[in-house]
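The values are calculated or read from the model by the stated rules, or taken from the named source; none is laboratory data. Note that the structure is a prediction, hence the values are computed from the model and not measured. So basically every Cβ, Gly included, is an ideal-geometry build from the backbone, and we count neighbours across all protein chains shown.
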Amino acid sequence: MADSEHHPPSPLVEALRQQEGSTTQFPHDIDVAIVAHNNLRELSRAIVSLIGAGCPLDRITVVDVASDDGTDVWLSQDCPSVRVIRLTKNTGPGPGRNIGITGATRRFVLLMDADVRVMSDAIARLHAAMLADSTIKIGSPIVVHADAPDRIQYAGGWLHYICEAVNPWLDRPVAERGSTAEDIGVAPTCALLLEREAAIAVGLFDERYFIGKEDGDFTHRMKIAGHRIWEVPQAIVVHQSRPRNAWLFYYQIRNRWHFILKNYQALTLVCLIPPLFIYEPLQLAVLVAKGHGWTYLRAVAGLIAMLPALPRDRARVNRIRRRSDRELLTSGPLIVRGDLAANVLVRHGKGRYERFLNRYWHLLTRTVRT
């Protein structure tokens with residue numbers, strides 16, 4: 001009996017065998033950069049999915065962010081053709097993403113997290129859309145849940161003017177999204193096809209953010225620069241997301257305020273004083289009720305430590321600005337974490353507060369904002 005009958009080939013070996021007989025041509029002008037941190041099981045699936053899309057292993061770079069789960073050993077043994085860059089310290093995904101972008105040699109970079117699998121035609125569909133229109137600098141797929149692939153995790157994203165995500169398709173059936181591609185406001189960076197030079201020109205990812213708002217900040221600056229983020233509904237990726245713990249509150253609070261102060265125009269900042277005078281005490285009250293009041297205060301201290309560089313940060317954004325806040329910000333239903341939404345104050349106040357925010361934005365866009 002042959003060895004293979006005793007030991008079936010690994011998914012990676014089987015994918016490579018199938019690729020040899022496939023006629024799928026991977027676009028010649030795309031490099032792939034995967035950022036991984038202790039995601040060995042998911043990383044192997046991500047690479048198998050890329051092989052299924054026709055991607056040669058030597059087009060893939062894995063930036064291993066201080067993993068201690070054997071990622072480096074597995075890559076060297078099973079994927080010797082994959083380029084590996086190992087970082088010795090975990091300072092979030094931003095540095096790894098920047099290395100993946102700047103280290104690429106082709107026009108486009110498919111930027112992926114290790115817990116993502118691409119459908120076989122997703123990359124080709126994003127690539128075709130970007131080639132057809134030079135104003136599109138980011139091709140964004142529909143992101144679906146790994147445990148419910150018929151349900152959307154992220155699609156149609158925009159940035160609420162109080163700097164929170166508007167994700168109108170969350171947990172809705174993929175079939176409801178329809179087949180029309182559209183220009184969206186922001187996108188999650190679990191899987192994006194980028195034009196490399198445009199990403200570099202806007203300043204790449206802000207490596208100070210660690211995690212939280214880092215993807216929104218990058219994609220929002222691409223929009224500020226006048227580029228389009230084109231969501232292609234036929235391009236699907238599967239995301240094996242992990243629960244986000246309370247330790248992220250610090251970064252989410254600090255980074256949100258830095259995002260606002262860095263990217264918003266001066267008139268917008270003035271106009272936002274009334275709603276923020278309501279939003280911030282509400283946020284603090286909810287965090288205190290959940291036992292995270294000290295985290296809020298630490299986040300404020302962290303923000304203060306970042307303020308000396310703010311004039312330089314704002315100057316950089318102003319240099320690339322081609323579109324106004326009025327064009328890029330919106331209002332709509334807010335996404336609230338399940339553990340916070342369980343709070344009675346949040347549950348009863350969310351709808352009323354959203355109605356206030358909607359009316360205030362309606363007023364601003366028709367009066368004082370330019």
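Please work out which one of (1) modelled with pLDDT of 95 or more; (2) farther than 19 Å from Thr268 by Cα is the condition Leu340 fails and give its number.
Checking Leu340 against (1) modelled with pLDDT of 95 or more; (2) farther than 19 Å from Thr268 by Cα, the one that fails is (1).
Is there any pair linking a residue in the stretch 81-102 that is farther than 16 Å from Asn39 by Cα to one that is buried (at least 18 other Cβ atoms within 10 Å of the Cβ) and among the acidic types (Asp, Glu), with Cβ under 6 Å and at least six apart or on different chains, and which?
Hits for this filter: Gly94/Glu214.
Every residue, every condition in (1) closer than 18 Å to Leu357 by Cα; (2) in a helix (DSSP H, G or I); (3) in contact with a strand residue (DSSP E or B) (Cβ under 9 Å, 6 or more places away or on another chain), yes or no:
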residue	(1), (2), (3)
Arg244	no, no, no
Arg256	yes, yes, no
Leu261	no, yes, no
Glu280	yes, yes, no
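Answer yes or no as to whether Asp150 is closer than 26 Å to Thr102 by Cα, among the acidic types (Asp, Glu), free of Cβ contacts under 8 Å to residues at least 60 places away in the same chain and in contact with a strand residue (DSSP E or B) (Cβ under 9 Å, 6 or more places away or on another chain).
Spelling it out, it is not the case that Asp150 is closer than 26 Å to Thr102 by Cα, among the acidic types (Asp, Glu), free of Cβ contacts under 8 Å to residues at least 60 places away in the same chain and in contact with a strand residue (DSSP E or B) (Cβ under 9 Å, 6 or more places away or on another chain).
Here is a list of conditions, (1) touching a helix residue (DSSP H, G or I) at 6+ places or on another chain (Cβ under 9 Å); (2) within 30 Å of Asp217 (Cα to Cα), and Pro56 meets all of them except one; can you say which number that is?
Pro56 satisfies every listed condition except (2).
How about the stretch 275-299: which of its residues are touching a residue at least 24 places away in the same chain (Cβ under 8 Å) and of a type in the set (D, E, K, R)?
Lys290, Arg298
Pull up the stretch 128-148, narrow it to residues that are within 15 Å of Pro27 (Cβ to Cβ) and surrounded by fewer than 22 Cβ atoms within 10 Å (Cβ to Cβ), then point me to the one that is nearest to the chain's Cα centre (by Cα).
Ala129
Mind checking whether some residue in the stretch 245-261 is surrounded by fewer than 19 Cβ atoms within 10 Å (Cβ to Cβ), charged (D, E, K, R) and either within 30 Å of Arg41 (Cβ to Cβ) or not assigned by TED's automatic domain parsing to the domain that holds Ala165 (or both)?
No.
Checking Leu297 against (1) in contact with a helix residue (DSSP H, G or I) (Cβ under 7 Å, 6 or more places away or on another chain); (2) closer than 21 Å to Asn245 by Cα; (3) part of a helix (DSSP H, G or I), only one condition comes out false. Which one?
(1)
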